[in-house]
Amino acid sequence: MTLPDFGEVPPADVLQTALQQKGCFLLREILPLPLLQAAKAELEAHYAEADQAWQSGQMTQSAYHKLFQYGHLPFEEGLLPLAEHSEGEANLYTCLLGIDSLKPFLSAVLGPSLFLIEKNSQPRRQHPFWPERQIPFHQDAEFLGGRPALNFWIPLDSCGRNAPGLELWLRPQNRVWFELNLDPLTPLYQQRDVSAIQAQASRDQFWQPEMEPGDLLVFDAYLFHRTWLTESMFLPRYSLEIRLTHPAYAPGLKGREWVL
């Protein structure tokens, strides 16, 4: 199987075809490392504070069960702390959406403007020593009311070999399979029966890409994916998820429109 893994940004129609046929594509070395390194340093400080709040009992049960147990920070500002301008420097959003080589693809898929779903644009931390926090096979559309969207998944660490990465089922979908009806007291991976997915997929349809900081993984909101975690992994992984959709799907979502 040919994987949608690109060392250089191809034309927009090639990326559209990859999205239609595989549900995703990976662009190598496209994002600026200094910005990602600064984002990781800021995130490490936020997570250190969150760890202290959790260990001292100051974190609310709601924040833990809804966000922190799944690797998110225990507040719902999403990436906003990382997205504000600082002394005129580019922030995450302006940097990502301002990449010239990506604009033809974004314009072809979303049109002259897009909607940045800020509430669902979140950092994540996944540690191999906390397997209960892994995320089983799911579709982002479950958390977006069934809306179509794109996830720009950005690793801040090397992942997929020594640190947890992602596993993707390279079979595009056009509907949501599972209803979002979570028991907050039970880890998600213990609630979800994914046997139907595994029964329909051949082994070569699953992809576990090894990624580095600077890479950008793009996949649609209906693509099944999960945490890729093996017993040999021993390092944590920080990552960012930035979600975009067409402005027509914006009602009911927290975010802002962005003109390309």
Only residues that are more than 14 Å from the chain's Cα centre (by Cα) and within 24 Å of Phe129 (Cα to Cα): list them for the range 214-246, please. Leu229, Thr230, Glu231, Ser232, Met233, Phe234, Leu235, Pro236
Scan the range 211-234 for residues that are surrounded by fewer than 19 Cβ atoms within 10 Å (Cβ to Cβ), under 23 Å from Leu92 (Cβ atoms) and out of contact with any Ser or Thr (no Cβ under 7 Å at 6 or more places or on another chain) and jot them down. Gly214
In the range 1-44, the residues that are surrounded by fewer than 21 Cβ atoms within 10 Å (Cβ to Cβ), within 14 Å of Pro209 (Cα to Cα) and in contact with a Phe, Trp or Tyr (Cβ under 7 Å, 6 or more places away or on another chain): Leu3, Phe6, Arg28
Exclusive hit being touching a His at 6+ places or on another chain (Cβ under 7 Å) and under 25 Å from Thr245 (Cβ atoms), set Leu170, Leu217, Leu188, Leu166: Leu166
Pull up the range 101-141, narrow it to residues that are of a type in the set (D, E, K, R) and at pLDDT 90 or above, then point me to the one that is nearest to Val259 (Cα to Cα). Lys103
Filter pass, Ala221 being of a type in the set (Gly, Ala, Ser) and modelled with pLDDT of 95 or more: yes
Got a number for residues in the range 209-233 being under 9 Å from Pro155 (Cβ atoms) and either among the aromatic types (Phe, Trp, Tyr) or assigned to a loop (DSSP other than H, G, I, E, B) (or both)? 4
Tell me which residues, restricted to the range 173-193, are in a loop (DSSP other than H, G, I, E, B) and either modelled with pLDDT of 75 or more or in contact with a strand residue (DSSP E or B) (Cβ under 8 Å, 6 or more places away or on another chain) (or both). Gln173, Asn174, Arg175, Val176, Trp177, Phe178, Arg192
Starting from residues that are of a type in the set (D, E, K, R) and in contact with a Pro (Cβ under 7 Å, 6 or more places away or on another chain), keep the ones in the range 113-159 and report whichever is surrounded by the fewest Cβ atoms within 10 Å (Cβ to Cβ). Glu132
Looking only at residues in the range 207-248 that are of a type in the set (Phe, Trp, Tyr) and out of contact with any Leu (no Cβ under 7 Å at 6 or more places or on another chain), which one is nearest to Trp169 (Cα to Cα)? Phe224
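The values are calculated or read from the model by the stated rules, or taken from the named source; none is laboratory data. Keep in mind the model is a prediction, meaning the values are calculated, not measured. With ideal geometry, Cβ positions are generated from the backbone for all residues, glycine too; neighbour counts draw on all protein chains shown.
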